[in-house]
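Notes to accompany the following structure.
The values are calculated or read from the model by the stated rules, or taken from the named source; none is laboratory data. As the structure is a computational prediction, the values presented were derived from the model and not from experiment. Counting neighbours? That spans all protein chains shown, and the Cβs are built from the backbone with ideal geometry, glycine included. Ligands, DNA and RNA are excluded from the accessible area calculation, which covers all protein heavy atoms including side chains. Shrake-Rupley method; radii C 1.70, N 1.55, O 1.52, S 1.80 Å.
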Protein chains: 2
Amino acid sequence: MGFDRELLKGSIALLLLRLLSERDMYGYEIIQESMRRSQDAFEFKEGTLYPALHQLHKRGYIRSEWRTGENGKQRKYYGLTAAGKKAARRSEQEWFSFTKVVNAILSKANT
Amino acid sequence: MGFDRELLKGSIALLLLRLLSERDMYGYEIIQESMRRSQDAFEFKEGTLYPALHQLHKRGYIRSEWRTGENGKQRKYYGLTAAGKKAARRSEQEWFSFTKVVNAILSKANT
DNA sequence: GTTCATACCTCGTTATGCGATGTATAAGGT
DNA sequence: ACCTTATACATCGCATAACGAGGTATGAAC
């Protein structure tokens, strides 16, 4: 991943919820899309992604549906439920306030 | 803590290193100081703090020293080693680039 | 016809936050 | 004198989670 792996924790769900709030996506697409947007700095591992998706599903935040892609391959598309959309907004808010607090502590440590 | 606990992971070491780069502090002081700076939004738990400090010590990033405070109580002061100062700069850099990437993914998800 | 990209998944290891719990001292109230 | 509270250190065990490794299946390309 490039980053200290520990930094990632907690932001996984946030990223998934926000990505899916844009449009329905299938697993492999999520991996590629997040790499593309981060210029390969960020790479979802499959061992991370699928369990995370399933967990969000279990929590009722996402729904899943098999569709056949243009290439004839079966793809499992994931999308947000109503609760998921709420959770997306909530977790994004939490992310902003969290980074704000960390940055506050950091900046005061510089003086 | 208020936040999704998972968000914290990985930023703990960062915060400790940056706080100690400012001045030597003892454990209890770190807890109070981080609460003060975040307006009580951020509270280090003792079960989190001390193991984290010991781990940083084991990695050679911090040194510790018992001193007697003005109130007559024994306090264990922690400070950064040379390696710790380097690690502080490194982890701060990593934090900034990490938040940049996450924000990049988030912002594109809004369009 | 074999290799590669696509596409899904699970399991076990490892790491870690932190609640619970324990110890000890000093201060302050009653 | 006694109790509570704040200070100050620490450990242990539970639960959670990232992810490397491994597994299966399909279509395309060479």
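Suppose the filter is under 20 Å from residue A:102 (Cα atoms), within 8 Å of another protein chain (Cβ to nearest Cβ), within 13 Å of DNA strand C (Cβ to nearest atom) and modelled with pLDDT under 95; does residue B:15 pass it? When the stated conditions are applied, residue B:15 passes them.
State whether the residues of the range A:43-55 include one that is of a type in the set (Asp, Glu), within 26 Å of residue B:13 (Cα to Cα) and open to solvent by 50 Å² or more (accessible area, probe 1.4 Å). Yes, there is a match, as at least one residue in the range A:43-55 is of a type in the set (Asp, Glu), within 26 Å of residue B:13 (Cα to Cα) and open to solvent by 50 Å² or more (accessible area, probe 1.4 Å).
Being free of Cβ contacts under 8 Å to residues at least 24 places away in the same chain and away from DNA strand D (no atom under 13 Å from the Cβ) is true for just one of B:41, B:88, B:13, B:82. Which residue is that?
Details: B:41 fails: free of Cβ contacts under 8 Å to residues at least 24 places away in the same chain; B:88 fails: free of Cβ contacts under 8 Å to residues at least 24 places away in the same chain; B:13 fails: free of Cβ contacts under 8 Å to residues at least 24 places away in the same chain.
Going through B:41, B:88, B:13, B:82 in turn, the sole match is B:82.
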